[in-house]
Amino acid sequence: MRHLTASGMLALLSACGGPSSTPETARDVEVATQEAGSPPAAETANPETSQMPATPSADAPVVRIETSMGAIRVRLDRAHAPRTVENFLRYVGESFYDGTIFHRVIDDFMIQGGGYTSGMARKQTHEPIALEISPALRHVDGAIAMARTNDPNSATAQFYICDGPQSGLDDSYAPFGVVIEGMDVARAIASTPTGPGDVPRTEVTIRSIRSE
């Protein structure tokens, strides 16, 4: 188990979020910026996300992420992150995520995927979107958010799901929904043994993401 400070978390996600970085360079950044310290204090989930109903609606569509380790259902928050949700659903509608992998996983931090296929082959994406931040959306346990490079306006298709609350990422990255079912699957993925760059030693595949 590893604990990252806010600075370490930001550097890690910035380094691995975009198409220009590789696991090796991202790993170098993490090692250079990680500091000793206590984990973030426990916090309760934001009621505007954690208590959302489990059935789809226009402002709260639900997607199902089928992985090689099980299914995860995620409710998206179109009301507070309209551009980010539409961007994500565009990729979902194009079946872009089918066959991609969770290419970086860190226990008690997050699982990141949606940008590479088997063997770390990078997928081509649409143009990046602008960073969309809402005080109603926080990095609670199970939050889904967009990964990016050091440029705040560089998010394309890659996303991550928080394994535990990650308040150090608030107001720097863009959450746009929360897991409503299958958090046990997300935690199992997060605890997968990894090699250099936090890449799982056994590939974890995203078989599909579909709207319900």
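Some points to look at:
- Cβ pairs under 8 Å, 6+ apart, first in segment 177-188 and touching a residue at least 12 places away in the same chain (Cβ under 8 Å), second among the polar types (S, T, N, Q): Gly177/Thr49; Val178/Thr49; Val178/Ser50; Val185/Thr67
- Filtering Asp98, Asp141 for residues that are surrounded by fewer than 20 Cβ atoms within 10 Å (Cβ to Cβ), among the acidic types (Asp, Glu) and not in a strand (DSSP E or B) leaves a single hit, Asp98.
Here is a yes/no grid of residues against (1) modelled with pLDDT of 95 or more; (2) assigned to a helix (DSSP H, G or I); (3) within 18 Å of Glu132 (Cβ to Cβ):
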| residue | (1), (2), (3) |
| --- | --- |
| Ala32 | no, yes, no |
| Ala54 | no, no, no |
| Ile72 | yes, no, no |
| Val85 | yes, yes, yes |
| Phe88 | yes, yes, yes |
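- Residues (crowded, with 24+ Cβ neighbours inside 10 Å and over 22 Å from Tyr91 (Cβ atoms)) located in segment 164-176: Gln166
- Of the candidates Ala157, Ala188, the single residue that is touching a strand residue (DSSP E or B) at 6+ places or on another chain (Cβ under 8 Å), among the small types (Gly, Ala, Ser) and part of a loop (DSSP other than H, G, I, E, B) is Ala157.
- Residues that are within 17 Å of the chain's Cα centre (by Cα) and farther than 30 Å from Ser191 by Cβ, drawn from segment 109-130: Pro128, Ile129, Ala130
- When residues of segment 101-138 are limited to those that are in a loop (DSSP other than H, G, I, E, B) and β-branched (Val, Ile, Thr), the one nearest to Ala60 (Cα to Cα): Ile133
- Test: residue in segment 149-160 that is of a type outside the set (Val, Ile, Thr), surrounded by fewer than 17 Cβ atoms within 10 Å (Cβ to Cβ) and free of Cβ contacts under 8 Å to residues at least 24 places away in the same chain: yes
- Matching residues in segment 94-132 - criterion: being touching a helix residue (DSSP H, G or I) at 6+ places or on another chain (Cβ under 9 Å) and among the aromatic types (Phe, Trp, Tyr): Phe96, Tyr97, Phe102, Phe109
- Residues of segment 191-212 that are touching a Ser or Thr at 6+ places or on another chain (Cβ under 9 Å), assigned to a strand (DSSP E or B) and farther than 15 Å from Arg73 by Cα: Pro200, Thr205.
- Of residues in segment 107-138 being closer than 14 Å to Tyr173 by Cβ and among the hydrophobic types (A, V, I, L, M, F, W, C), the one surrounded by the most Cβ atoms within 10 Å (Cβ to Cβ): Met110
- Segment 177-199 - residue that is in contact with a helix residue (DSSP H, G or I) (Cβ under 8 Å, 6 or more places away or on another chain) and either more than 25 Å from Thr84 (Cα to Cα) or among the basic types (Lys, Arg) (or both) and, of those, surrounded by the fewest Cβ atoms within 10 Å (Cβ to Cβ): Pro196
The values are calculated or read from the model by the stated rules, or taken from the named source; none is laboratory data. Treat the numbers as computed from the prediction; the structure is a model and nothing was measured. Methodologically, a virtual Cβ is constructed for each residue, glycine included, from the backbone with ideal geometry; neighbour enumeration extends over all protein chains shown.
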